[in-house]
Amino acid sequence: MSMGVISTGFILPAAACDLEMNTADKSLLSSAFFIGACFSAVISGFLANLKGRRWTLLMSLFLQGFSDFLQSILSNYWIIFGLKFLSGAGSAGQNIAFTYLGECLPLKNRNFLLSNMEYFWIFGHAFAAAIGLAIIPQQFFIKKLIFSFHSWNLYILICSLPAISLGFCLIFLPETPKYLAEMGLREQLLQVLVNMYEQNVGKSGKLYVEKLLSSGNEKLKELVQNNKEEKMENSEKLITRIINQLKQLKFIFKPTILKTTLLACITAFTVTSTYYVFYLWLPEIFQRFAKFEAGNNEELSTFCKISSDSSSTENILKHVCDTPIDKKVFVNNLILCASCFPTIIIITLLVKHCGLKILLASCCLLCATIIVGIYFSNSFLQNLILLCIYLSLSSTSMTLQFAYFVTIFPTNLRSSGIIVTSLFVRAGAMFGNFTFSLLKDECLYFILLVCLLLIVAAVSTISIRERKDL
């Protein structure tokens with residue numbers, strides 16, 4: 001998903017002339033990804049319960065990968081818009097990945113290992129920026145009848161390959177033991193547990209089966225002795241299973257857990273919106289800085305001044321050619337990625353000592369302070385440093401919240417909780433995208449809104465009551 005989002009930011013200015021996009025068209029195209037993600041949030045959650053975590057994650061990767069691949073060879077604005085919508089729908093796999101891993105990892109190391117997922121998010125950002133630096137500035141062009149292929153088309157094609165490759169790799173991985181146990185698929189469950197034992201311990205699976213039989217636990221004995229696969233598809237129709245999922249969904253809105261659900265939704269919306277308010281538009285921000293520095297000899301270049309000078313209400317509907325992208329845009333994004341790694345290392349080391357809740361709330365408050373600093377900064381270097389700190393903390397907050405949401409719901413309601421919070425994550429991403437596109441010329445209100453959202457995120461996170469029965 002990281003590559004899908006940040007690559008859109010690089011494509012917007014690069015393809016502005018070829019797709020004849022104005023500012024409104026860019027905002028609409030960037031929103032298509034999040035609209036698709038919002039649309040698929042609930043559907044992917046239901047599919048994860050009905051068809052399995054692995055199957056849903058597999059389909060999500062293929063949908064995103066092949067949608068991005070088709071974008072590289074079909075150079076029409078509305079076709080790309082539709083494919084970007086499908087790519088966003090496929091990005092739902094991001095949340096399923098946390099559920100998949102959370103149900104496969106040992107409880108004592110789960111928080112620590114899930115928080116390390118942030119490395120892969122940042123690596124995706126860095127990969128997208130590095131590939132963009134190597135390809136997009138080349139400006140080559142191939143045209144055969146109605147087919148056209150530019151450097152940005154090649155860039156999209158390369159960025160689509162990781163999702164497709166991961167999808168093929170996932171074919172060889174098993175379903176989570178928790179899902180197999182819930183579905184009563186005993187034969188598959190036993191096989192997965194035996195394979196895990198053989199790979200982790202290096203001993204024969206027969207020894208593991210013997211240990212289960214001699215454990216004294218009647219349920220484990222039953223698992224070995226009566227491991228006939230019980231497929232739910234034979235005992236109940238699909239529509240019945242969907243109704244059961246809807247019934248389970250309403251349980252997380254019952255008084256006993258309603259407060260946790262509402263606070264988690266508020267946290268999901270506010271944390272995500274404040275992250276994407278900058279993340280998608282980073283290439284646009286750096287491009288504006290590059291243009292400003294090239295055309296002005298002034299030393300002072302505040303974030304608000306550049307926003308007001310680079311765009312106005314008058315040119316929102318005008319076709320503006322942004323190409324070529326200044327190479328500094330890609331370099332600055334790589335600097336941002338490099339700055340994230342120290343923060344990730346520190347946060348992952350603190351997870352076991354402080355917990356996910358304290359770290360998530362602290363990151364939100366620190367981000368609010370940095371946003372205020374961005375308003376008062378008066379040079380590109382100051383803005384770059386503050387953006388590096390902000391994005392590193394904000395990006396880490398995104399991973400922390402996904403890991404945290406896996407732990408705050410009871411085991412039997414976890415899937416339903418992930419479905420609802422995923423919906424608010426997508427809504428927050430869409431809101432953040434619209435916020436920047438609409439308020440980038442109203443800098444003070446933009447800064448105040450982001451600070452308010454971050455403070456609300458910190459308060460809602462602290463207010464969530466942690467469960468002991470994880």
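The values are calculated or read from the model by the stated rules, or taken from the named source; none is laboratory data. Note that the structure is a prediction, hence the values are computed from the model and not measured. Cβ coordinates were reconstructed from backbone atoms using ideal geometry, including for glycine residues, and neighbour counts include every protein chain displayed. Areas reflect the complete protein model, heavy atoms only, side chains present, ligands, DNA and RNA absent. Shrake-Rupley method; radii C 1.70, N 1.55, O 1.52, S 1.80 Å.
Filtered by the rule that a residue be open to solvent by 10 Å² or more (accessible area, probe 1.4 Å) and modelled with pLDDT under 80, the stretch 21-39 gives N22, T23, A24, D25, K26, S27, C38, F39. Number of residues in the stretch 377-417 that are of a type in the set (S, T, Y) and not in a helix (DSSP H, G or I): the value is 2.
Open to solvent by 50 Å² or more (accessible area, probe 1.4 Å) and over 30 Å from I73 (Cβ atoms): is that true of K143 in this structure?
Judged against the criteria, K143 is not a match.
Remark: V406 falls outside the filter, which requires a residue to be closer than 19 Å to I266 by Cβ and in contact with a Cys (Cβ under 7 Å, 6 or more places away or on another chain). Candidates E298, E293: the one that is over 28 Å from F120 (Cβ atoms), part of a helix (DSSP H, G or I) and modelled with pLDDT under 70 is E293. Inspect the stretch 13-23 for any residue being outside any helix (DSSP H, G or I), within 28 Å of P177 (Cα to Cα) and not hydroxyl-bearing (S, T, Y) and give the result as yes or no. Within the stretch 13-23 (the criterion being outside any helix (DSSP H, G or I), within 28 Å of P177 (Cα to Cα) and not hydroxyl-bearing (S, T, Y)), the answer is no, since none of the residues qualifies. Of all residue pairs spaced 6 or more apart or on separate chains, those with beta-carbon atoms under 9 Å, a first member in the stretch 187-203 that is modelled with pLDDT of 80 or more and a second member that is open to solvent by 100 Å² or more (accessible area, probe 1.4 Å) are V194/K206. Pairs meeting the criteria (first residue in the stretch 352-364 and in contact (Cβ under 8 Å) with a residue 24 or more places away in the chain and of a type outside the set (A, V, I, L, M), second residue open to solvent by less than 10 Å² (accessible area, probe 1.4 Å) and not in a helix (DSSP H, G or I), beta carbons under 8 Å, at least 6 apart or on different chains) are K357/I464.
Would a scan of the stretch 360-377 turn up a residue that is over 19 Å from Y276 (Cβ atoms), open to solvent by 30 Å² or more (accessible area, probe 1.4 Å) and among the small types (G, A, S)? Yes, the stretch 360-377 has at least one match.
From the list L113, L74, the lone residue that is in a loop (DSSP other than H, G, I, E, B) and either of a type in the set (V, I, T) or surrounded by fewer than 18 Cβ atoms within 10 Å (Cβ to Cβ) (or both) is L74. Close Cβ contacts (under 7 Å, 6 or more residues apart or on different chains) running from residues in the stretch 55-69 that are crowded, with 19+ Cβ neighbours inside 10 Å to residues that are aromatic (F, W, Y) and in a helix (DSSP H, G or I) comprise L57/Y100.
For the stretch 161-199, the tally of residues that are open to solvent by 20 Å² or more (accessible area, probe 1.4 Å), more than 16 Å from F66 (Cα to Cα) and among the hydroxyl-bearing types (S, T, Y) stands at 1.
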